[in-house]
Structures are given as structure tokens and as C-alpha cells.
Amino acid sequence: MIYCCEDHAEYALETVINESGRPPALQSVEEKELLTKTCEYCGQPAVYVVANGYSHTKYGR
């Protein structure tokens, strides 16, 4: 999973595709996590979480 801001969402999507070879799932960060999650690229507040769409994690399928 990659937490990212709006500016780095496309980069995070590309990263997951390159690592897994499958389309990722893009979800909004849950409201309760908005203040605690930061973008892994720039440190700004995260608004999205990008995960492997075929993962068994809560953001995957």
C-alpha cells in the first residue's frame, strides 16, 4: 500500500503497476486516518491509498 497526496497519485499508481503487473485499487484515505497518514513521496497529508487490486488487504479485493 502506498499513501499519497493528490499530486503523487499517478506516480503511486504507476509504482504499484510496475511492481505487481496488475491494475491497482485507488481508494480515498478513511476520514479517521486523514490526520495521521502522509504522502510517501513528499510528506504532505495523504488523500489516497493505492494498493494491489488483487491483494487480500482491506483496500484490495
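The values are calculated or read from the model by the stated rules, or taken from the named source; none is laboratory data. Predicted, not measured: the structure shown is a model, and the values here were computed from it. Neighbour counts run over all protein chains shown; Cβ positions are idealised from the backbone, glycine included. Just so you know, the surface numbers come from the protein's heavy atoms only, side chains and all, with ligands and any DNA or RNA stripped out. Shrake-Rupley method; radii C 1.70, N 1.55, O 1.52, S 1.80 Å.
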>> Tell me the net charge near I2. Cut-off is 13 Å between Cβ atoms, I2 excluded, with +1 for each Lys or Arg and -1 for each Asp or Glu.
In response: -3
> How do S28, S20 stack up against each other in accessible area, from largest to smallest, with a 1.4 angstrom probe?
Replying inline: S28, S20
>> Which order do you get for T15, T36 if you rank them by accessible area with a 1.4 Å probe, largest at the top?
In response: T36, T15
> In the range 14-48, which GluC sites (Glu not before Pro) fall in coil by DSSP and have 11 or fewer other Cβ atoms within 10 Å?
Replying inline: E30
> Which sequence of I2, I17 reflects their accessible areas, 1.4 Å probe, from the largest down?
Replying inline: I17, I2
